[in-house]
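Undergrad: Here it is, the structure, as structure tokens.
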There are 2 protein chains.
Amino acid sequence: MIGEALAKHLCRVGELTREDRQAVLGVKGEVRPVRRHEDIVKTGSSPTFSVLLLRGFLQRYGSRRDGSRQIHSFYIAGDAPSLESIHLDRMDSSICAIVSSEVALIPHGELLALFAQRPAVEALVWRSSLSQSSLFREWLTRNSRLPADGAMAHLFCEMYVRSKAAGLVDQNSCDMPLTQEMLADALGLTGVHVNRTLQSLRETGLVDHKAGRLYVHDLRKLANFGDFDPQYLHLRNGQAAVFS
Amino acid sequence: MIGEALAKHLCRVGELTREDRQAVLGVKGEVRPVRRHEDIVKTGSSPTFSVLLLRGFLQRYGSRRDGSRQIHSFYIAGDAPSLESIHLDRMDSSICAIVSSEVALIPHGELLALFAQRPAVEALVWRSSLSQSSLFREWLTRNSRLPADGAMAHLFCEMYVRSKAAGLVDQNSCDMPLTQEMLADALGLTGVHVNRTLQSLRETGLVDHKAGRLYVHDLRKLANFGDFDPQYLHLRNGQAAVFS
DNA sequence: CGGACAGTTGAACTAGCTCAACCATAGTGG
DNA sequence: CCACTATGGTTGAGCTAGTTCAACTGTCCG
């Protein structure tokens, strides 16, 4: 069951041969329900497992001395948020559930054993961590260079395209159970300004976010507005399929 | 010679056993001089080698449609800037020389062969790429959350601490051959504002940057001012030694 | 001597922040 | 069933950090 979810994750990242797939399916791990707002791994800790999100919505964030937060990424079902704990001794950010979720905890030992047997699987997991790294760079650029409305459009595009790639888009909408305060923590803005920016985006008719759901009415125009190019997501199928 | 540089890099990242070290020393690769402003790898390309910086100063950057740039990271001697090209098909940012430099190009084939023989070396290289990922997250937080003077102090702390860990600090100063325009491209500010911010930092007496060199007069106070905590650099010796 | 590049300064402008209300909704306990 | 509270969204008004534009200075180099 967990093995299957991991195999699905790796297929999203790259090619998985039949034999590698078989080996991955053998992964055991442990399923754990997580309550809303509960931390799964905390800054400074040294987890002995990696996390795979089965159902729900997570965020990675860091807290600063002055109480402000910066969200580093959001995670949807099928994502593997804390791969880095395999080789880094201490977490430098926390990962928590935004809504009630279900995660698989896979002991590092089990992963390392799998890697020893199946180098191609190790390569895929590494690749997954590298594409996350690419995502952090894009967030850096987005928050540093784009004005509030552009940055928000960019984030909406990202979540929509990632959701689509994960098969989580229904019609023209997907789950995005965030408060405006959380959007602010991701975009480096204040809650008040997110509110006003969201209203102005709404008025364009390209996109909307309400009741924890994201509605994208014109992805192409939205992407253009937010200077969004899905290249950095390193999706397997390429972006051609994405702008459907 | 290249093997030696790689071994040194890996020692900075983690433990290297005698046998692993021996294997690493066997790495060949090719030394290449790079002129000022020359790109080593370009966005969209698929390099067949990874890069190790032997001498000089590099930057990773992305260009946007409107002509603005975001710098994602700076690299000093001993750094391995483009590890991700091993497993990602296309570069999503470019790496170029800021001053005339010398790099080692190590073919992916050679690295993969080494990994197959020495899994612990693979783990170290992976670890190196993970600590870079951590650095991108910190830059995201810095540019999104800190005011201009704090962000600049934070960047100065980072470069100083990394230089110190690499043995490149002389007295209380290290090379940082950047123009104010480049500082602006890193911090998400304009050149004009970087100029004024730098002046105000100068007046505090904590730090100075002139003629391509960084002078740190009080690291502890500067770190406090820029809310800098070296944890995210994942240095082997820990930060205790760092704040000397 | 001239031209390119980097740093510096001034003045006007604006995107986004701050503070302080107020409103809507949903859950909770009596 | 209603009052109470907590949470999240909305609005207004004044403020400020950082931008923009445009000029000027210094320095290196051919």
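Undergrad: What are the label-to-label distances in nm, one decimal and shortest first, from B:Glu110 to the same spot in the other copies, with labels 7 Å along Cα to Cβ?
TA: For B:Glu110, the other copies' label points sit at 3.9 nm, shortest first.
Undergrad: Which lysines, on any chain, are close to A:Lys210 with Cα under 28 Å apart, when same-chain ones fewer than 8 places away are left out?
TA: A:Lys164, A:Lys221
Undergrad: Here's something else I'd like to know. Please find the FRET efficiency linking A:Cys11 to A:Asp170, where r is the Cβ-Cβ separation and R0 is fixed at 22 Å, and quote it to the nearest 0.05.
TA: 0.55
Undergrad: Let me ask something else about it. Run the numbers for A:Asp149 and A:Ser200: contour at 0.36 nm per residue of separation, minus the present Cα-Cα distance, in nm.
TA: So the extension gain works out to 17.6 nm.
Undergrad: Let me ask something additional. Among A:Thr17, A:Thr190, which comes first, second and so on when ranked by fewest other beta-carbon atoms within 10 Å?
TA: By the 10 Å Cβ count, ascending: A:Thr17, A:Thr190.
Undergrad: OK, next. Could you give the length gained on full extension between A:His108 and A:Arg32, defined as 0.36 nm per residue of separation minus the Cα-Cα distance, in nm?
TA: Once the chain is fully extended between A:His108 and A:Arg32, it gains 25.7 nm.
Undergrad: Could I ask something else about it? What spacing in nm lies between the two simple spin-label points modelled at B:Ser68 and A:Arg55, each 7 Å away from Cα in the Cβ direction?
TA: Those two pseudo-labels are separated by 4.2 nm.
Undergrad: Between copies, how far apart are the A:Ala166 label points? List them in nm, one decimal, shortest first, with each point 7 Å from Cα toward Cβ, please?
TA: Its label point is 3.7 nm from the equivalent points in the other copies.
Undergrad: OK, next. Lysines near B:Lys42 by alpha-carbon distance under 20 Å, same-chain residues fewer than 8 away left out - which ones?
TA: Qualifying lysines at Cα under 20 Å: none.
Undergrad: For label points placed 7 Å from Cα toward Cβ, what is the shortest-first list of nm distances from A:Lys8 to its copies?
TA: Spelled out, the distances from A:Lys8's label point are 4.9 nm.
Undergrad: Quick check: the angle from helix B:119-145's long axis to the longest principal axis of chain B, C-alpha only, nearest 10 degrees?
TA: 20
Undergrad: What lysines sit close enough to B:Lys28 to cross-link, taking a C-alpha to C-alpha distance under 16 Å and skipping anything fewer than 8 places away on the same chain?
TA: B:Lys8
Undergrad: May I pose another question? Check each of the chymotrypsin sites (Phe, Trp or Tyr not before Pro) in region A:4-100 and keep only those in coil by DSSP with at most 16 other C-beta atoms within 10 angstrom; list them in order.
TA: none
Undergrad: Right, something else. To the nearest 20 Debye, how big is the dipole of region B:146-242 about its Cα centre, given +1 on the beta carbon of each Lys and Arg and -1 on that of each Asp and Glu?
TA: 200
Undergrad: With r as the distance between the Cβ atoms of A:Ser100 and A:Glu4 and R0 = 25 Å, compute the FRET efficiency 1/(1 + (r/R0)^6) and round to 0.05.
TA: E(calc), rounded to 0.05, equals 0.70.
Undergrad: Which ³J(HN,Hα) values, rounded to whole Hz and listed in residue order, are derived for region A:156-164 from phi using the Karplus coefficients 6.51, -1.76 and 1.60 in 6.51 cos²θ - 1.76 cosθ + 1.60 with θ = phi - 60°, glycine and proline given as x?
TA: In residue order, the calculated couplings are 4, 4, 4, 5, 5, 5, 5, 4, 4 Hz.
Undergrad: Follow-up. One-quarter of the Cα convex hull surface for chain B, in nm²?
TA: 12.7
Undergrad: Charges at C-beta only: +1 for Lys and Arg, -1 for Asp and Glu. How large is the resulting dipole of the protein assembly as shown about its Cα centre, in Debye rounded to 20?
TA: Roughly 220 debye, rounded to the nearest 20.
Undergrad: Over region A:146-242, what relative contact order in percent results from Cα pairs under 8 Å that are six or more residues apart?
TA: 38
Undergrad: Another one. Tell me which residues come under 5 Å, amide H to amide H, from A:Val103 once H is placed; ignore anything under 5 positions away on its chain.
TA: Distant-sequence amide H within range of A:Val103: A:Arg32, A:Val34, A:Leu54.
Values in this text are rule-based calculations from the coordinates and carry no lab data. Since we're looking at a predicted model, the values are computed, not measured. Here the Cβ is made from the backbone with ideal geometry for all residues, glycine too, and neighbour counts use every protein chain on show.
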